[in-house]
Amino acid sequence: LFMFPVNNEFLVQGLSEGLYRFNGETFTFVPGSEIFNRTKVHAIIPQTRNSLFICTDRMGLFTYTDGKFKHFDSEISTFLSDYTCNGGIQLNDTLFAFGTILNGIAFCNNKGQITRHYNYSNGLKNNTVLSMYRDYYNGLWVGLDEGAGYFGLENPFTPYFNPSGTLGTVYAVLRDQNKLYIGTNHGLFVANVLEINNSYNFSNIRMIPGSQEQVWTLTKFDNNIFCGHNNGTYLVKDNGLEKISDVTGCWTIQPSAGRLVEGPSTRLVMLHKQGNTWRLHHR
């Protein structure tokens, strides 16, 4: 089916059989590789001289170490099983890229954790990856079913696209530990932040109930998150919002001598803390 260069020879898949070593003259069957007789091997990636990643189309990833095959139980293996792996490549000591038929390309570390994922929704021309090539400038070229894509692997940015438009136009962002709060003209959203190998993923983006309409600003002070909203000022709570001021159109919130000064569209507003509760003090 395919031939893969590995340690100065080739590994070759025989259909309905398994893997063979080919030294240029003879084929030698690899013991234990009959586990691949009902799946297609689309990539074999040397990690060390005695360790390989073997990527199948429907069964995910396997490791081959010291003459033994073992399924690589991991996030990337499940992803590739679900979306049909069509190829893989090692980019550096800790970064791998795998292309799929149904869901674009996924990057992962050597533990199998997905660090980035790209498909039609966030930049690829389409979801079917046919080939990959790493160039001299540490860039990754991706051959697609329609056209080609290019990734600058040293790019420090992680783009996020919202093709449905539900997020709206972003006016404010605030990160608090493993959550990212996003204020837009549609409301206040929150996302989970996952950092792996200096790459960020945002997942489970959802609107906070009761936050519909324009959000202007977000500020963290006194271990509280304040949201300047078109309808007033709110404290962000685990289960929603708590209104602390009815003065509308708060564009900015700044600390001042243990209090907070707000700049809405009409006049300055002072907030202060009574006990454990923040309240409007005066305009």
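List of remarks:
- Segment 248-283, subset of a type in the set (Val, Ile, Thr) and open to solvent by 10 Å² or more (accessible area, probe 1.4 Å), residue nearest to ILE182 (Cα to Cα): THR252
- Scanning segment 31-51 for residues that are within 29 Å of the chain's Cα centre (by Cα) and closer than 20 Å to LEU15 by Cα turns up THR39, LYS40, VAL41, HIS42, ALA43, ILE44, ILE45.
- Candidate set: segment 125-152, residues that are of a type in the set (Val, Ile, Thr) and either at pLDDT below 85 or touching a Leu at 6+ places or on another chain (Cβ under 7 Å) (or both); chosen: the one farthest from ILE105 (Cα to Cα): THR128
- In segment 56-71, the qualifying residues are those that are of a type outside the set (Asp, Glu), in a loop (DSSP other than H, G, I, E, B) and under 24 Å from the mean Cα position of the chain (by Cα), and the one that is surrounded by the fewest Cβ atoms within 10 Å (Cβ to Cβ) is ARG58.
- Scanning segment 1-55 for residues that are part of a strand (DSSP E or B), among the hydroxyl-bearing types (Ser, Thr, Tyr) and open to solvent by less than 50 Å² (accessible area, probe 1.4 Å) yields a total of 1.
- Number of residues in segment 200-231 that are surrounded by 19 or more Cβ atoms within 10 Å (Cβ to Cβ), small (Gly, Ala, Ser) and assigned to a strand (DSSP E or B): the value is 1.
- Any hit, segment 128-135, residues being free of Cβ contacts under 8 Å to residues at least 60 places away in the same chain, in contact with a Lys or Arg (Cβ under 7 Å, 6 or more places away or on another chain), in a loop (DSSP other than H, G, I, E, B) and open to solvent by 20 Å² or more (accessible area, probe 1.4 Å): no
- Of the residues in segment 153-169, not one is of a type in the set (Phe, Trp, Tyr) and modelled with pLDDT of 85 or more.
- Total residues in segment 231-283 satisfying the condition of being touching a Gly at 6+ places or on another chain (Cβ under 6 Å) and not β-branched (Val, Ile, Thr): the figure is 9.
- Check on ASN192, in contact (Cβ under 8 Å) with a residue 60 or more places away in the chain, more than 20 Å from GLU262 (Cβ to Cβ) and polar (S, T, N, Q): no
- Across segment 140-163, the number of residues qualifying as in a strand (DSSP E or B) and either surrounded by 15 or more Cβ atoms within 10 Å (Cβ to Cβ) or among the β-branched types (Val, Ile, Thr) (or both) comes to 6.
- Among the candidates THR84, THR115, THR100, residue that is of a type outside the set (A, V, I, L, M) and more than 17 Å from VAL41 (Cβ to Cβ): THR115
- Selection within segment 66-90 - of a type in the set (Asp, Glu) and farther than 19 Å from GLU34 by Cα: ASP73, GLU75, ASP82
- Residue in segment 72-93 that is farthest from LYS125 (Cα to Cα), counting only those that are in a loop (DSSP other than H, G, I, E, B) and open to solvent by 60 Å² or more (accessible area, probe 1.4 Å): ASP73
- Unique match (being part of a strand (DSSP E or B) and open to solvent by less than 70 Å² (accessible area, probe 1.4 Å)) among LEU174, LEU194: LEU174
- If you go through segment 235-264 and keep only what is farther than 13 Å from THR217 by Cα and in a loop (DSSP other than H, G, I, E, B), you end up with ASP238, ASN239, ASP246, VAL247, ALA257, GLY258.
- Scanning segment 107-122 for residues that are under 17 Å from PHE62 (Cβ atoms) and either of a type outside the set (Lys, Arg) or surrounded by 19 or more Cβ atoms within 10 Å (Cβ to Cβ) (or both) returns CYS108, ASN110, GLY112.
- When GLY168, GLY183 are checked against the criterion of being more than 25 Å from ASN92 (Cβ to Cβ), in contact (Cβ under 8 Å) with a residue 40 or more places away in the chain and out of contact with any Asp or Glu (no Cβ under 7 Å at 6 or more places or on another chain), GLY183 stands alone in meeting it.
The values are calculated or read from the model by the stated rules, or taken from the named source; none is laboratory data. Worth saying up front: this structure is predicted, and the values here are computed from it rather than measured. Here the Cβ is made from the backbone with ideal geometry for all residues, glycine too, and neighbour counts use every protein chain on show. Side chains are part of the model used for accessible areas, which takes the heavy atoms of the whole protein and leaves out ligands, DNA and RNA. Shrake-Rupley method; radii C 1.70, N 1.55, O 1.52, S 1.80 Å.
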